[in-house]
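The values are calculated or read from the model by the stated rules, or taken from the named source; none is laboratory data. What you are looking at is a predicted structure, and each value in this text was computed from that prediction instead of being measured. FYI the Cβ positions are ideal-geometry reconstructions off the backbone, even for glycines, and counts take in every protein chain you see. Only protein heavy atoms, including side chains, enter the accessible area calculation; ligands, DNA and RNA are left aside. Shrake-Rupley method; radii C 1.70, N 1.55, O 1.52, S 1.80 Å.
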Amino acid sequence: VRLVESGGGLVQAGGSLSLSCLASGRPFSELAMAWFRQVPGKEREFVATIDVPHGSEDVTYYADSVKGRFTISRENVKNTAYLQMNSLKPEDTGIFYCAAGPVMSTMERDFRSWGQGTQVTVSA
């Protein structure tokens, strides 16, 4: 599976950004998706995950630090996952990676495919 992220950039604290992750190489409906963040000198950390489509509503899960501010979603006809980030804080700064795997998870090891990452910088 090939993943290509887009949408990162520089924003002031309190602002919003939307990230996109375009997947190819496998039916998108078979993929659970997730977003992780990494800052220099630290391990990559879980941000949000969304399950494979099951019915009318998507199943999602968030890190406590972003709950209520970030929203993960998927648009299956476009093979794309999104991360809408609102009320951004300086501590949200990092490289955001999109990941795809067979099941939704908070663990890196459960995702077999990764994008190249996109930088998000939130200024105070």
All lysines inside 28 Å of Lys89 as judged from Cα atoms, apart from same-chain residues fewer than 8 positions distant
Lys42, Lys67
Mind checking the per residue accessible area of segment 5-124 for me, 1.4 Å probe, whole number of Å²?
51
Cβ-placed point charges (K, R +1; D, E -1), dipole of segment 8-124 about Cα centre in debye, nearest 20:
220
Using bins 10 angstrom wide from zero, how does P(r) for the chain break down, in % of all Cα pairs?
15, 50, 30, 5, 0
Quick one: Karplus J couplings for segment 70-79, per residue in order, coefficients 6.51, -1.76, 1.60, θ = phi - 60°, nearest Hz, x for Gly and Pro?
10, 9, 9, 8, 9, 10, 5, 5, 9, 6
Identify the GluC sites (Glu not before Pro) of segment 1-72 meeting these criteria: DSSP loop state and at most 11 other C-beta atoms within 10 Å of the C-beta.
Glu43, Glu57
Carbon/sulfur accessible area of the chain, % of total, 1.4 Å probe, equals 48
Just subtract the alpha-carbon distance of Tyr61 and Arg109 from 0.36 nm times their residue separation and send over the number in nm, one decimal.
15.6 nm
Could you check the simple spin-label distance between Gln84 and Gln38, using points 7 Å along Cα→Cβ, in nm with one decimal?
2.9
If the convex hull of the alpha-carbon atoms of segment 1-60 is projected onto planes in all directions, what is the mean projected area in square nanometres?
5.7
